[in-house]
Every structure is written in structure tokens, then in C-alpha cells.
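See structure below.
The values are calculated or read from the model by the stated rules, or taken from the named source; none is laboratory data. This is a predicted model, so every value here is computed, not measured. As a convention, Cβ positions derive from the backbone with ideal geometry for all residues, glycine included, and neighbour counts pool all protein chains shown. Calculation scope for accessible area: heavy atoms of the full protein, side chains included, ligands and nucleic acids excluded. Shrake-Rupley method; radii C 1.70, N 1.55, O 1.52, S 1.80 Å.
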Amino acid sequence: MSDYLHVQNIYKDFSGLKVLTGVEFKVKEKERHAVIGPNGAGKTTLFNIISGKFKPSSGAILFKGEDISGKPPHLLSRRGLSRSFQITNVFQELSVFDNILSGARSRYGLRYHFLKRPRHDRNICEKVEAIIEEVGLADVKDQPASSLSYGQQRALEIGITLSTEPELLLLDEPTAGMTREETDHAIRMIEKVVVDRTLIVIEHDMEVVFSLANTISVLHYGTILVSGTPDEIRNDQRVKDAYLGEG
Ligand SMILES: Nc1ncnc2c1ncn2[C@@H]1O[C@H](COP(=O)(O)OP(=O)(O)OP(=O)(O)O)[C@@H](O)[C@H]1O
Ligand SMILES: [Mg+2]
């Protein structure tokens with residue numbers, strides 16, 4: 001299989017602070033790839049570079065053979081690469097349905113700005129309904145986002161990301177701040193959502209990592225310490241020393 005995503009020797013510094021110093025790894029199509037590493041290791045910075053929010057200081061991001069480094073997020077989203085955010089990007093006063101609809105409209109771009117009543121476009125409404133079902137929010141689809149529980153808000157963020165029809169989905173700590181029960185629920189939902197897609201997920205919760213990922217890369221001091229299967233990572237002495245501890 002040819003490389004689907006190739007993160008190629010990425011360097012990033014912020015006015016002298018060297019955050020990424022030669023990050024290199026590959027992701028295959030349909031892979032479920034977790035990026036783990038201690039706080040401040042540069043995981044979110046790496047996502048910001050892959051998703052086009054930041055330009056790398058040097059290095060390249062190759063997506064399906066094309067150099068996408070520095071291309072803006074909305075163009076990448078039209079090519080099928082979308083991220084959800086660690087910080088919420090939900091419109092609190094809008095309903096679940098309208099939040100996802102607005103994401104879907106942005107996916108189709110200008111075309112829908114000319115439609116006075118996009119809710120009447122059956123095709124797009126059917127897609128929105130299907131996404132609501134996928135992320136498990138059918139019961140609350142007409143409620144304002146502000147009335148949702150924390151776990152439901154995070155599910156809505158994923159729904160908004162799905163509305164752009166990503167084939168490569170980037171999730172930054174999708175279960176952060178959740179209770180154990182919300183986390184288990186989120187894992188099951190994400191597992192369903194990523195069937196037929198490629199996933200890169202940043203996560204601190206090792207239970208989430210080991211249930212979702214089939215490949216794991218450990219980011220440590222600005223470079224990838226090791227990439228491997230969950231078993232290889234679990235048994236890697238360098239990873240134990242640097243990150244997992246002996247627990
Ligand atoms: N826009 C920015 N300007 C300056 N420094 C930044 C910027 N973004 C991140 N940094 C710095 O880069 C380093 C890595 O931050 P980053 O958020 O990528 O880490 P992380 O691995 O995602 O951490 P966490 O696990 O806590 O989310 C930190 O020292 C952070 O302060
Ligand atoms: Mg982060």
C-alpha cells in the first residue's frame with residue numbers, strides 16, 4: 001500500500017522555542033493511529049501543522065502523494081482531511097441539527113449560500129440526520145447545544161467534523177474531561193464512526209488508546225521515539241522509561 005499520509009521530517013519552533021525537531025511517521029489508509037506523549041510534547045502543534053493551521057518551520061506533509069504543508073484548513077477539508085478541536089467549536093444557541101447543518105454547508109461551500117432555505121434541501125438534511133444518528137444524538141437533535149451534557153457536546157463536535165465528510169479524521173483528546181462512563185460511550189461511538197475512514201487520535205487515556213488504535217506513535221522531546229503496534233508499544237522499554245512508567 002502506498003503512503004497515505006507521510007509526516008516528513010517536521011520542524012516547528014515558536015520564536016526560538018523548538019517544539020518539533022524532525023517528526024517523521026507514516027499513516028496507511030484506514031489505519032487507526034494514536035499519537036501519545038507527555039504534556040507539552042508538541043502533539044497539538046503537530047495536529048495544527050497536519051490540519052493546516054500552522055506552517056511547519058521545515059519539512060512537509062504529504063497527503064495521498066501531494067504536499068499539503070501550509071495549505072489552509074478549509075482547502076484540506078475539501079480534500080477530505082478534517083480535525084475536531086480540543087477547544088470546543090460548537091454554536092451554543094443553535095440546535096444539534098443546525099450545528100451539524102452549518103458544518104455540512106461549509107463543506108459544500110458557496111453553492112449553499114445561494115439557497116434561501118437550505119433546510120429544504122433533502123439531500124443535505126438526510127446527511128445531517130445520518131450523522132446525528134452516527135454520533136448518538138438523535139434524542140436531542142432539536143435541543144440547543146447549550147442544553148447538552150459535556151459528553152454530548154463532545155459528540156456534537158465530532159458530528160460537526162463528520163459533516164465535512166472527512167476520509168482522514170484528526171481527533172485531539174476526544175475523551176478529555178469525560179467520566180469513565182462517558183469515555184466508554186465515546187469509544188464505542190468513535191469506533192463506529194471511523195469504520196471506512198482513517199483516524200489519527202491524540203489521547204492521554206491509555207485505555208482509549210489501546211481500544212481505538214492499531215498503530216501508536218510516541219512523541220517525546222520533539223521527535224517520534226517509536227511507532228508500532230499496541231503490543232510493541234506496551235512492551236517497549238524506551239516507552240516504559242519515558243512515558244508509561246512501570247504501572
Ligand atoms: N502558538 C504557540 N505559540 C507559542 N508557543 C506554542 C504555541 N503552541 C504551542 N506552543 C508551545 O509548544 C509546546 C507544545 O505544545 P502543544 O500544545 O503542542 O503540546 P501537547 O503535546 O499538545 O500538550 P498537551 O498534552 O498538554 O495537550 C508547549 O511548550 C507550548 O507552550
Ligand atoms: Mg494538546
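Separation of segment 178-225 and segment 23-55, taken as the distance between their Cα centroids, equals 12 angstrom. Projected label points at residue 214 and residue 79, each 7 Å from Cα along the beta carbon direction, are separated by 2.4 nanometres. Here the relative contact order of the chain, from alpha carbon pairs under 8 Å that lie six or more residues apart, stands at 27 percent.
With N counted as the residues of segment 1-79, its alpha-carbon radius of gyration over 2.2 N^0.38 Å works out to 1.06. The eigenvalues of the Cα gyration tensor, multiplied by 5 and square-rooted, give the chain an equivalent ellipsoid with semi-axes of 31, 21, 15 Å from largest to smallest.
Solvent-accessible surface of the chain, taken per residue with a 1.4 Å probe and all protein chains present: 48 Å². Each label point was placed 7 Å from the Cα along the Cα-to-Cβ direction; for residue 13 and residue 196 their separation is 4.6 nm. Put a plus charge on the Cβ of each Lys and Arg, a minus charge on the Cβ of each Asp and Glu, and nothing anywhere else: the dipole of the chain about its Cα centre is then about 1040 debye. Using θ = phi - 60° in the Karplus curve 6.51 cos²θ - 1.76 cosθ + 1.60, the 3J(HN,Hα) couplings for segment 221-230 round to 6, x, 9, 7, 5, 6, 10, x, 6, x Hz; x is entered for Gly and Pro. For residue 22, nonlocal amide neighbours, meaning residues 5 or more places apart or on other chains whose placed amide H falls under 5 Å from its own, are 10, 11, 12. Atom-type composition of the exposed protein surface of the chain places 51 percent of the accessible area on carbon and sulfur (1.4 angstrom probe).
In straight-distance terms, cross-link reach from residue 43 covers every one of the lysines whose alpha-carbon lies under 30 Å from its own, apart from those fewer than eight places away in the same chain; here that gives 12, 18, 26, 28, 30, 53, 55, 64, 71, 192, 240.
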